[in-house]
């Protein structure tokens, strides 16, 4: 049985909005939305207008749904009226609100369980992302993507789920009639330029040319608006692959096997040239510095462009 009030809370607007749409789909059919759904503008709708809509008798539908997205300010400005409504909600009206946060110690929050439901929307953890992408590609486009390919996409695009979904959207079109999104599709459409730019920056780092490394890094941010979110992932992917390749080389593994196992599809000559000019200890240091930089960015201590420049400088001067 449907609740009379739903509150969808989460920091990621795209995920919250997506969850709201799924809820609305379950509450009211698209063919009934013309008369059965009212989308209230949180910046201009008055509380009286919202309550009137909720209490309006349904026409050609069994229920009346009122949705208010990004309703944080609307709730703050009309808390007393909403508290009164929560005590005596209309039995034929369903109120859906999305918010960035929902404090459990407020009167409104304490009244909600009796008449409605709180839906918390949290971004998936890093380890859950491949499964999410596999499901999204299949459910949305009927295409397969292997866990390895999904991991590759995450490595070079970052771990923000909404951005990853957007990349899958583009890849599904790019793959065209192919039933499977492969690593080659990802590298051709998304990874080539990012990995090429990372190659260039790392070349300058290994050469100890700080000015050139910084110039190339700044070029990455200038050329790619998404670099702020993907740059750490692109460097991490390359450094991890370098570390594994260096370890395998030290054990006498044939280059052909390394290429196959690590899926080095392009820039092979440059990759192994870089490998000859760097030690395993240096790569380990780079990975450590990158992890520290990633943590600083994610905790809001610094911005990606500034943090990456500081990291590159520390690497070139070591």
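The values are calculated or read from the model by the stated rules, or taken from the named source; none is laboratory data. Note that the structure is a prediction, hence the values are computed from the model and not measured. Glycine also receives a Cβ, built like all others from the backbone with ideal geometry; neighbour counts cover every protein chain displayed.
Observations on the structure shown:
- Among the residues of segment 270-283, those that are closer than 16 Å to residue 317 by Cα and surrounded by 13 or more Cβ atoms within 10 Å (Cβ to Cβ) comprise 278, 282, 283.
- Residue 158 meets the stated requirement of being surrounded by 19 or more Cβ atoms within 10 Å (Cβ to Cβ) and on the phi > 0 side of the Ramachandran plot.
- Boolean, residue 300 is outside any helix (DSSP H, G or I), over 27 Å from residue 182 (Cα atoms) and assigned by TED's automatic domain parsing to the domain that holds residue 222: yes
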